[in-house]
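The structure appears right after this line, and notes come after that.
The values are calculated or read from the model by the stated rules, or taken from the named source; none is laboratory data. Small disclaimer: the values here were computed from a predicted structure and weren't measured. Cβ placement follows ideal geometry from the backbone for every residue including glycine, while neighbour counts extend to all protein chains displayed.
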Amino acid sequence: MRKFAIQLGACDGKVDVFIGKDRVWKLIVEKGWSGALVEPNPVAFELLSKNYTPYKNRVKLFQIAIGDTEGNVKLYVSADSNLQISSLFPAHLEKHKSIGLPIDVKCKTINQFLHDLNSKKIDLLMIDVEGYDGYIIENIDLEKYKISEIQYEHFHMTQEQRKKCLEKLKEYGYRTLVTKTDTLCFKRKLEYYFKLIKLRIRHFIFYFRS
């Protein structure tokens, strides 16, 4: 059975601003995973659709935002065409010294989206929604939806929000690893220790080279 990933904030599907090649792209293209990818920015979504055309038999694409309401919401997109920083929060674009232009997009809550998706098995939930990651973690129904691994960006969260997210995840049995920008959460002990070893080796190599 194919492994299955959900990506919220897929952008064009190929490039991650911090690590280069997008993690979900590598899993789908190189490892044969299937997936459901979400991107509300219409320009980014057009690129996402084009990039995933060869894999459309195992990838579903959704041009919606994930937020705290159902219906239409304002998405703020960068006036200088930076596709990486579209957000439901205009202040998020101000942090990046960019002017946010509001556009109307469809929106679902995380639990409604997962309900409609009706996936029996989620191996990875990847979240990078430019300032909204904490709200998704706080509201997702982890009692109902069984997810093997969650990765979210904590870089734009307050310390209080980071703490609340970690407390919730630990309550539901996740082991967590915190990097500079992201938090990685594992249900399976073996995967947690495997990732921990990889991160320590990578850190050692970087330290040794520097």
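For Tyr135, are the conditions met, namely being under 26 Å from Ala44 (Cα atoms), in a strand (DSSP E or B) and at pLDDT 90 or above? It is false that Tyr135 is under 26 Å from Ala44 (Cα atoms), in a strand (DSSP E or B) and at pLDDT 90 or above. Of the residues making up segment 139-177, those that are among the β-branched types (Val, Ile, Thr) and buried (at least 16 other Cβ atoms within 10 Å of the Cβ) are Ile140, Ile147, Ile150.
Leu114 - would you say it is under 11 Å from the mean Cα position of the chain (by Cα) and of a type in the set (A, V, I, L, M)? When the stated conditions are applied, Leu114 does not pass them.
Among the criteria (1) in a strand (DSSP E or B); (2) at pLDDT below 90; (3) closer than 17 Å to Pro40 by Cα, the one Leu177 does not fulfil is (3). Only a single item in (1) more than 22 Å from Trp25 (Cβ to Cβ); (2) assigned to a loop (DSSP other than H, G, I, E, B) is not met by Glu130, and it is number (1).
Picking from residues in segment 82-125 that are surrounded by 14 or more Cβ atoms within 10 Å (Cβ to Cβ) and of a type in the set (Gly, Ala, Ser), the one that is modelled with the highest pLDDT is Ser119.
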